[in-house]
Structures are given as C-alpha cells and as structure tokens.
Amino acid sequence: MKLSFVIYLQALGIYLLLTLPTLTEPVIYMYSAMYATTAGLVAWVVFLLVLLLVNKSKPSAPIAKAILFTTIVFAVAAAYKVLLLVAIPGRGFWQLDTDIVFPILAVISGWLSLAANFWKFKARFSKPLLDGFETIFTYDKA
C-alpha cells in the first residue's frame, strides 16, 4: 500500500513537470494540478485495489507488469470520468470534453512512475521456473 502511494506521488510530480508548458496560462496549470491531485486519488484507489488482487494471485512478473500497466490506463479513465461527472460547469478553464491531452499525460506519468518502481515489485511476482521439481534433480551425498 505504501509503495502504491509512492507511485501515485511520483506520477503526480511527473505530471506536473510534463504540464509545465501550460504555465503560459497559469490558471490552466493551477486547475490542471488541482484536478490531477483530487482525481488522482480516484486513480490511486483503483490502482491499489488491482495491485492488492495481483499480489494475492501471485502471477509471473511479465503478467503482473502487463496487468499493472493496463490498470493505469483504466484508473486514469475512471478518474477522468469522475471529473466529468463532478465538475461544475463554468468553474474552471479546463474544458473536460476537449482537452484529452491532460489524461494522456497522466497515463504517461503513471507509466513512467511504475516503470521506475517495478523492480521493487519484481521479487513478489518472480516464481521459480521449476517451482518444486528442483529437489528431484539435486543429489545429496549425505
């Protein structure tokens, strides 16, 4: 759980760096940061739930990696949908229906953050190749 929150915070930081060009319009950057912080919590909860399921099922590392990277796309989509449902018209400068670049940047930042931290997960998902049959092939001279 702690590691998933670290991934969320790193993804948020990467997102804020990727959206720096919008500082030409500071209000847009402020609203984007506010939306990313609040809706990002929804994405973090979705990612956390899937991560807990993946931890419980113990798949191999490549399968776990594919599941977690795909989850980021769906988590950002869920957060974006929450913004569309909750956003008050006329309250912000971010037109949620037209500016799809912000969710795309959120997915990219989530992928970068997960890729930077996946080595911490890898030990949890690595299964031995023979998984129990290795004792058959060992010879003990005792």
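Just for the range 95-115: of the residues that are polar (S, T, N, Q) and modelled with pLDDT of 80 or more, which one is surrounded by the most Cβ atoms within 10 Å (Cβ to Cβ)?
By that ranking, first place goes to Ser109.
Report yes if some residue within the range 83-94 is at pLDDT 90 or above and surrounded by 15 or more Cβ atoms within 10 Å (Cβ to Cβ); otherwise report no.
no
One line per residue, one yes/no per condition, for (1) over 13 Å from Ala75 (Cβ atoms); (2) within 12 Å of the chain's Cα centre (by Cα); (3) not small (Gly, Ala, Ser):
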{"site": "Leu3", "(1), (2), (3)": "yes, yes, yes"}
{"site": "Ile7", "(1), (2), (3)": "no, yes, yes"}
{"site": "Leu20", "(1), (2), (3)": "yes, no, yes"}
{"site": "Glu25", "(1), (2), (3)": "yes, no, yes"}
{"site": "Thr38", "(1), (2), (3)": "yes, no, yes"}
{"site": "Val45", "(1), (2), (3)": "no, yes, yes"}
{"site": "Leu48", "(1), (2), (3)": "no, yes, yes"}
{"site": "Leu51", "(1), (2), (3)": "no, yes, yes"}
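If you take the residues in the range 1-22 that are hydroxyl-bearing (Ser, Thr, Tyr) and more than 24 Å from Leu52 (Cβ to Cβ), which one is modelled with the highest pLDDT?
Here the answer is Thr19.
Residue check, Leu49 against (1) loosely packed, with under 14 Cβ neighbours inside 10 Å; (2) closer than 15 Å to Ala106 by Cβ; (3) not charged (D, E, K, R), all met but one. Which one?
Unmet for Leu49, out of (1) loosely packed, with under 14 Cβ neighbours inside 10 Å; (2) closer than 15 Å to Ala106 by Cβ; (3) not charged (D, E, K, R): (2).
How many residues are over 10 Å from Ala106 (Cα atoms) and surrounded by fewer than 17 Cβ atoms within 10 Å (Cβ to Cβ) if we restrict to the range 14-28?
Matching residues across the range 14-28 total 8.
Out of (1) surrounded by 12 or more Cβ atoms within 10 Å (Cβ to Cβ); (2) within 11 Å of the chain's Cα centre (by Cα); (3) more than 11 Å from Ala106 (Cα to Cα), the odd one out for Thr70 is which?
Every listed condition holds for Thr70 apart from (1).
Based on this model, can you work out whether Pro128 counts as at pLDDT 85 or above and either at positive phi or in contact with a helix residue (DSSP H, G or I) (Cβ under 8 Å, 6 or more places away or on another chain) (or both)?
Taking the combined requirement at face value, the residue does not satisfy it.
The values are calculated or read from the model by the stated rules, or taken from the named source; none is laboratory data. The model shown is predicted, which means the values in this text are computed figures rather than measured ones. We place every Cβ from the backbone using ideal geometry, glycine too, and count neighbours over all the protein chains shown.
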